[in-house]
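Structure record follows, encoded as structure tokens.
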Protein chains: 2
Amino acid sequence: MEVRPLRRDAAANRERVLSAAADVFHERGLAAGLDDVARRAGVGVATVYRRFPSREALLEALLADLFDAYTAVADAALAQPDGTGLASYVRTASEVQATPRGCALRLWSSPALEPRRELLHQRMEALLGDAKAHGTCRDDVTVDDLVGMFVALRGVRESLTATAALDWRRHLELCLAGLRPAS
Amino acid sequence: MEVRPLRRDAAANRERVLSAAADVFHERGLAAGLDDVARRAGVGVATVYRRFPSREALLEALLADLFDAYTAVADAALAQPDGTGLASYVRTASEVQATPRGCALRLWSSPALEPRRELLHQRMEALLGDAKAHGTCRDDVTVDDLVGMFVALRGVRESLTATAALDWRRHLELCLAGLRPAS
DNA sequence: CCCGAAGTGGAGGAAGTCCTCCGCATGTGG
DNA sequence: CCACATGCGGAGGACTTCCTCCACTTCGGG
């Protein structure tokens with residue numbers, strides 16, 4: 001498993017591809033052509049395929065970043081263990097998800113990312129525990145419920161179809177209200 | 001605007017296409033080929049295109065059915081004006097949406113369906129009014145919030161990606177909890 | 001029963017996407 | 001500074017999907 005590092009220019013190109021992919025997928029959906037991604041990155045198609053053998057590999061790389069960002073947000077929220085961390089984590093993480101890189105969320109359960117997902121899972125568990133201990137969250141809420149919220153929010157955001165005054169932040173607050181203990 | 005009715009066999013084919021389209025889109029997503037729809041319906045491609053000039057027209061026809069179903073559910077819920085109608089409407093409508101025809105929901109705000117959408121809007125308004133009057137729903141909830149819920153639920157349902165113990169019914173209950181007045 | 005209007009199927013051209021191949025360019029260790 | 005491993009671009013073949021066209025079939029009113 002000796003992997004020598006990429007040549008410096010190649011590494012830079014890799015980043016440009018990732019960033020372009022996030023933008024393109026964000027704008028035109030996950031089905032957008034990789035040729036478009038290449039053009040946007042100012043790079044040949046071959047470069048995209050050389051670095052990321054498949055569309056999935058590309059998305060996984062984006063998702064890895066996203067997981068890292070989530071985890072960082074969760075750590076920050078855990079720093080103030082007064083029961084408000086959970087809500088602030090959910091709100092901030094949702095903002096991160098609204099970013100172009102958030103498009104990768106659809107791959108959530110990719111097997112290749114199990115380790116990072118597990119890490120994030122632990123943080124969410126901790127946040128839930130803290131919130132429950134302070135009585136700011138119902139006892140029966142699970143990490144999967146939180147995951148469901150993020151997935152749901154992505155759905156709302158991607159559906160801003162013309163007419164709709166559909167605001168994902170509004171749905172977010174509805175969910176947060178649902179997490180709090182009844183009376 | 002004289003439109004003579006379809007010949008009997010043509011009308012039957014139209015229904016078969018609609019039903020096949022619902023199944024195919026449900027299984028393979030809205031991007032599935034219309035050729036597949038035709039094959040599934042046991043009909044030539046030309047028949048699909050003759051009856052529905054575009055993929056959108058096809059989806060609109062499906063959505064029209066869906067709106068009618070929603071409206072019927074809402075009417076049933078309104079029959080018992082004891083404050084519980086809203087919740088039972090949301091639950092039942094969600095089940096309808098889990099049906100293959102529910103795949104059309106993505107088109108929600110198609111201009112062509114304004115009249116039906118308006119009809120449904122009125123019913124939801126009434127359900128909300130009843131629930132608020134009985135104190136089973138927060139005063140600040142709007143019809144758009146409900147629409148947001150349905151869109152969110154579609155997102156969760158379509159994301160059942162392998163791993164996930166993601167259950168849309170669970171997210172539904174979370175939302176319903178969020179609708180109720182705080183303490 | 002008959003005949004014209006209405007409907008039908010599937011071939012096939014246009015367009016888009018995927019991904020590989022290979023001759024040329026460029027960074028880097030010695 | 002040089003050699004060569006590493007990386008690069010874009011042409012192009014295989015494939016998929018879209019949608020039209022037209023010769024043939026079927027329905028149904030008189």
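The values are calculated or read from the model by the stated rules, or taken from the named source; none is laboratory data. Quick caveat: nothing in here was measured; it's all calculated off a predicted structure. Note: ideal-geometry Cβ built from the backbone for every residue, glycine included; neighbour counts use all protein chains shown. These area figures cover heavy atoms from the full protein model, side chains too; ligands, DNA and RNA do not enter into them. Shrake-Rupley method; radii C 1.70, N 1.55, O 1.52, S 1.80 Å.
One table, with the values for the structure above:
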item	result
Lys, Arg +1 and Asp, Glu -1 on Cβ, resulting dipole of chain B about Cα centre, debye, nearest 20	660
Area of residue B:9 that stays accessible when all protein chains are in place (1.4 Å probe, Å², to 10)	80
R0 of 25 Å, Cβ-Cβ distance residue A:119-residue A:142: FRET efficiency to nearest 0.05	0.90
Pairwise burial B:A, computed as accessible area of each alone minus the pair, summed, 1.4 Å, Å²	2200
Bins of 20 Å from zero: percent of alpha-carbon pairs in the protein assembly as shown	25, 52, 21, 1
Label geometry 7 Å along the beta-carbon vector: residue B:84 inter-copy distances in nm	3.9
Kirkwood Rh and Cα Rg combined as Rg over Rh, evaluated for segment A:67-117	1.02
Per residue, the convex hull volume that the Cα atoms of segment B:28-130 enclose (Å³)	98
Rounded to the nearest 10 Å², the accessible area of residue B:18 at probe 1.4 Å	0
Accessible area, probe 1.4 Å, largest first, for residues A:119, A:179	A:119, A:179
Per-copy distances of the residue A:99 label point, shortest first, in nm (7 angstrom along Cα→Cβ)	4.2
Residue B:149 - accessible surface, heavy atoms, 1.4 Å probe, Å² rounded to 10	0
Computed over chain A: relative contact order in percent, which uses C-alpha pairs under 8 Å that are six or more apart	20
Taking the C-alpha atoms of chain A, convex hull volume expressed per residue in Å³	130
Carbon + sulfur, % of accessible area of chain A - ligands and nucleic acids excluded, 1.4 Å	54
Selected from B:166, B:155, B:34, residue furthest toward positive end of dipole (chain B; charges at beta carbon)	B:34
Identity and axial distance of the chain B residue whose Cβ lies nearest the axis relating B to A, Å	B:155, 1
Whole-Å distance, taken between Cα centres, linking segment B:16-92 and segment A:111-183	29
Mean Kyte hydropathy of 0.5 or more with a Cα span along the axis of at least 20 Å, helices from DSSP in chain B	B:55-78, B:143-158
Using a Förster distance of 35 Å, the FRET efficiency for residue A:6-residue A:95 (Cβ separation, nearest 0.05)	0.65
Nearest-first distances (nm) between copies at residue A:68, label 7 Å from Cα via Cβ	5.4
GNM result for chain A, Cα springs below 10 Å: residue of A:112, A:69, A:41 fluctuating most strongly	A:112
Descending semi-axes in Å of segment B:99-166, equivalent ellipsoid built from Cα gyration tensor	26, 19, 8
Charge context of residue A:113, other residues only, Cβ under 12 angstrom, K/R +1, D/E -1	-4
